[in-house]
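Reading through the structure tokens given below for one structure.
The values are calculated or read from the model by the stated rules, or taken from the named source; none is laboratory data. This one's a predicted model, so the numbers in the text were calculated from it and none came from an experiment. Positions of Cβ are generated from backbone atoms using ideal geometry, with glycine treated the same way; all protein chains shown enter the neighbour counts. For the accessible areas, the whole protein counts, side chains as well, though only heavy atoms, and no ligand, DNA or RNA atoms are used. Shrake-Rupley method; radii C 1.70, N 1.55, O 1.52, S 1.80 Å.
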Amino acid sequence: MKKTVKINLSGSIFHIDEDAYQRLNDYLDRIHEHFKGQEGGEEIISDIEMRMGELFQDKLSGHKQVISDEDVWEVTKKMGEPGDFLEEGASTHSPGGSEQQKKLYRDPDQAILGGVASGIGAYLNVDPVWIRLLLVVLMLGYGFIAVVYLLLWLFLPKATTYDQKLEMRGEQVNISNIEKKVKDEYEQVRGNFKKYRQSGSYQNITRGLNEIFVVLGRILKALMQVVLVLIGVALVVGGIGLILGLIGIPFIAWPFDMFDLFDHHGTAALFLFQSLLSPPAFIILAASAALLVVIPVLVIFYTGLKMLSGFKAKDQSVLLSALIIWVAALLATAGTAAWQMHEFSVRSHNKEEIQLNPQGSSTLFLQMNSPHVHLYETDDLPFGDNTGVIRGKDIVGAIRGTDPEGNLYFNTEIDILKSPDDSYHLQIKKSSRGSSIRNAAGFAEKIRFNWELADSTLILDNTFRIASDTPYRLQQMTLAIRVPGGHRIAISEEAEEYLDDADNRQNMWPFEMGGKVWEMRGDELSLHRKSD
């Protein structure tokens with residue numbers, strides 16, 4: 001199964017496989033590079049992305065929810081490349097392309113009332129004046145035509161984007177035509193403004209505007225003084241509120257409670273720091289963060305007092321000292337962060353492979369065990385889900401929570417692959433980061449995981465454990481169940497949510513494979529049926 005990526009294209013969310021994402025990303029990079037800095041470039045790019053989003057929506061259905069590489073290829077071919085320019089007077093259709101099907105819109109550019117007549121004129125390729133004349137004549141003879149006009153005004157969509165305006169005239173909605181439409185409108189606006197500037201009315205209006213601006217300047221000057229007073233009040237009130245808030249934190253929240261500083265039942269932020277940082281680094285970062293926050297708060301309060309009172313004190317040395325302390329705190333924060341990042345600089349792993357001999361059946365039954373009932377769930381941890389969500393279902397690899405002793409529990413991740421021989425195998429791969437290979441290997445070795453083979457049933461814990469005395473270093477564990485060719489594996493419904501890589505001929509997602517029996521045929525699983 002290919003992995004997918006979730007993207008936002010012109011306000012629409014799509015799931016797209018990795019190969020298709022790379023092709024689409026390269027294409028959009030060429031689009032942005034070509035139109036970057038051009039007049040109207042942002043509008044051209046926005047309309048191109050909007051049109052591509054519409055084409056992708058057409059590719060999806062109830063049975064297909066992922067954009068494939070072939071879909072991206074077809075859409076980009078239809079849109080054309082950035083270098084496919086239309087020469088002056090050239091055809092508005094892409095070479096070798098089919099005629100664009102017209103769509104009926106209201107045309108706001110030539111509208112007098114609702115744009116209905118101008119939209120019909122564009123659709124029929126007729127001057128709107130004749131459509132308006134026909135409507136007036138029909139309204140005089142048949143009053144219900146006015147009702148028809150109102151209904152069209154209400155229900156016909158207005159052509160607001162450039163691709164809609166092209167569709168209204170039956171022109172191909174591709175890069176060349178979108179670019180041409182945007183630039184034509186820019187030239188039209190520029191030409192109209194140039195003519196207007198040369199008229200006498202423009203000179204009169206300019207002189208009148210200058211007088212208005214002089215009066216507005218005096219008004220704004222007076223308003224500015226009032227605004228400065230209000231800003232001063234806001235700074236003082238805000239500074240007092242922030243100071244009271246900082247003073248009250250030790251009494252209302254545990255982050256600074258010295259008796260419960262490392263409580264793993266607290267919020268996600270402290271739990272994150274507890275897991276990632278050593279105690280000395282935590283203390284340094286806490287002190288530096290306090291200075292980074294407190295110093296600006298005090299400066300805000302002091303500035304507000306000065307604005308309200310109007311006094312001028314020689315406080316350069318005080319402010320300079322505060323700035324030096326703040327910069328020192330910033331450097332301490334950066335240095336400590338770099339120090340702790342070094343603890344994650346190297347990844348190491350080890351593998352253990354066990355041959356399985358199911359008894360009493362030619363099928364290996366896969367079941368999950370949930371031994372840890374009393375867990376403190378931590379779904380909101382910043383590092384709690386490192387793989388994302390597909391179709392609203394959590395993927396494996398995420399932290400499950402902690403127990404009363406502070407041990408960390410992570411979801412088990414299972415791959416089902418072909419065995420290299422005629423036996424079932426269970427491969428356990430543990431990995432971790434650390435400051436050195438030896439350090440990382442030691443952390444990986446401390447990962448704890450339980451499993452057992454009872455007759456023909458393989459029972460795996462749904463979590464692996466990191467002890468509370470072991471620092472969190474992005475530990476991971478992957479299980480690979482290797483099934484020999486021609487043999488079967490029955491996957492329970494509880495196990496399907498822990499599957500990660502399980503290629504199958506039915507192209508089912510891993511979370512659809514539970515409650516079924518599968519047979520290894522070639523390098524892939526195939527759904528086993530009794531008649532097979």
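Cβ-Cβ distance of Ala338 and Lys418, R₀ of 60 Å, FRET efficiency by 1/(1 + (r/R0)^6): the value works out to about 0.85. As a length-normalised measure over Cα pairs under 8 Å and 6 or more apart, the relative contact order of the stretch 415-521 settles at 35 percent.
Sorted largest first by accessible area at a 1.4 angstrom probe radius, with every protein chain in place, the residues Leu453, Leu277 fall in the order Leu453, Leu277. Residue separation of Arg505 and Ala146 scaled by 0.36 nm, minus their Cα-Cα distance, works out to 123.2 nm of gained length. The slack in the chain from Lys59 to Leu320, taken as 0.36 nm per residue of separation less the alpha-carbon distance, amounts to 87.8 nm.
Taking 27 Å as the limit for the C-alpha separation, the pairs Lys2/Lys102; Lys78/Lys165; Lys3/Lys103; Lys6/Lys351; Lys78/Lys103; Lys3/Lys64 exceed it in the case of Lys2/Lys102; Lys3/Lys103; Lys6/Lys351. Looking only at the stretch 37-70, which residues have a backbone nitrogen under 16 Å from a spot 7 Å from the Cα of Gln22 in the C-beta direction? Inside the label zone: 68-70. Ordered by 1.4 Å accessible area with all protein chains kept, Lys64, Lys78 run largest first as Lys78, Lys64.
Length available on full extension from Gln359 to His32: 0.36 nm per residue minus the Cα-Cα distance, which gives 111.6 nm. Would you tell me the accessible area of His349, worked out with a 1.4 angstrom probe on the heavy atoms of the protein chains, in Å² to the nearest 10? The accessible area comes out at roughly 100 Å².
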